[in-house]
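The values are calculated or read from the model by the stated rules, or taken from the named source; none is laboratory data. Computed from a predicted structure; not experimentally measured. Note that each Cβ is placed from the backbone with ideal geometry, even for glycine, and that neighbours are counted across all protein chains shown.
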Amino acid sequence: MGRDPAIERRRASAEMTVNVGQQLRSRREEARLSLRELARRLGISPSALSQIETGKSRPSVSTLYAIVSELGASLDELFGGLGGGAPAPSAKPATAKGSVDERVQRSRTRSTIQLESGVRWERLTATPDPEADFLYVVYDPAGSSSQADGFIRHPGREYGFILSGTLEVTVGFDTYEVGPGDSISFDSTTPHRLRNTGTEPVEGIWLVVGRGNDARAAAFHDSGA
């Protein structure tokens, strides 16, 4: 019997999952911030932050944005913890710039971040891009960008395209049901929330541009992140 492509993709994704807690702890230490001080700035308990850093719990989308913004870091830096852009065995020889093909990101070697509430991000660029976060996203049933139906906002502008499932997107006071083939764009500084209220996973392509223009600006969570 042949291998199930979906199972193979999930197995490869698990193998390439970034240790987000370890990455965040390293960047906190580089910034010479104590765990207690960073937790104070974020408005969460030191124990909650410690659990994220040790991998005992996963951050929500809103919490992750808040942490990287406070540390002056970027999502791409976290994904960079893995050399996810290795070429396939049949690929052409390495480019003159280095040993990694800087143009093609192979599906089986995408760096992955697994977040709270069944949200998964996979980077679609072979190397870090300081200008944009280009992501394949999955929202499992009940998956949400923040806990307790809270909203998030951060610098930049977002563009999303839905491949399968239906995603509920709330931007300010407006709520949209975005399904297969639909796309949406909005200013990320407007409070927003993404969640899957259906019974099947939502898969999509997401692009955030301009987020790095103010890395320490107003990324925050409005409720219990």
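The residue pairs whose first member lies in the range 59-71 and is in contact (Cβ under 8 Å) with a residue 24 or more places away in the chain and within 18 Å of Glu29 (Cα to Cα), whose second member is aromatic (Phe, Trp, Tyr) and outside any helix (DSSP H, G or I), and whose beta carbons are closer than 7 Å, counting only pairs six or more residues apart or on different chains, are Ala66/Phe220. For the structure I just gave you, tell me whether Gly83 is surrounded by 13 or more Cβ atoms within 10 Å (Cβ to Cβ), modelled with pLDDT under 90 and either basic (Lys, Arg) or over 14 Å from the mean Cα position of the chain (by Cα) (or both). When the stated conditions are applied, Gly83 passes them. Considering only residues in the range 132-146 that are crowded, with 17+ Cβ neighbours inside 10 Å and either in contact with a Cys (Cβ under 6 Å, 6 or more places away or on another chain) or not aliphatic (A, V, I, L, M) (or both), the one that is farthest from Pro201 (Cα to Cα) turns out to be Asp133. The set of residues from the range 53-65 being in a helix (DSSP H, G or I) and surrounded by fewer than 24 Cβ atoms within 10 Å (Cβ to Cβ) comprises just one member, Glu53.
This table checks each residue for (1) touching a Lys or Arg at 6+ places or on another chain (Cβ under 8 Å); (2) more than 15 Å from Val61 (Cβ to Cβ).
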site	(1), (2)
Trp121	no, no
Ala126	yes, yes
Pro141	no, yes
His154	yes, no
Ile162	no, yes
Thr170	yes, no
Glu177	no, yes
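Of the residues making up the range 99-109, not a single one is among the polar types (S, T, N, Q), part of a strand (DSSP E or B), modelled with pLDDT of 80 or more and closer than 27 Å to His192 by Cβ. The residues of the range 112-131 that are buried (at least 19 other Cβ atoms within 10 Å of the Cβ), closer than 21 Å to Ala66 by Cβ and either free of Cβ contacts under 8 Å to residues at least 24 places away in the same chain or not basic (Lys, Arg) (or both), listed by number, are Thr112, Ile113, Leu115, Glu116, Val119, Trp121. Which residue pairs have Cβ atoms under 8 Å apart, sit 6 or more places apart or on different chains, and have a first residue in the range 134-153 that is free of Cβ contacts under 8 Å to residues at least 60 places away in the same chain and a second that is surrounded by 22 or more Cβ atoms within 10 Å (Cβ to Cβ) and not in a strand (DSSP E or B)? Sorted first by the residue in the range 134-153, then by its partner, the pairs are Ala142/Asn196; Gly143/Asn196. A Cβ distance below 9 Å, combined with a sequence gap of six or more or placement on separate chains, defines the contacts here; from the range 168-181, residues that are over 19 Å from Asp140 (Cβ atoms) and at pLDDT 95 or above reach residues that are assigned to a strand (DSSP E or B) and not hydrophobic (A, V, I, L, M, F, W, C) in the pairs Val171/Asp187; Val171/His192; Val171/Arg193; Gly172/His192; Thr175/Glu168; Thr175/Arg193; Tyr176/Glu168; Tyr176/Thr170.
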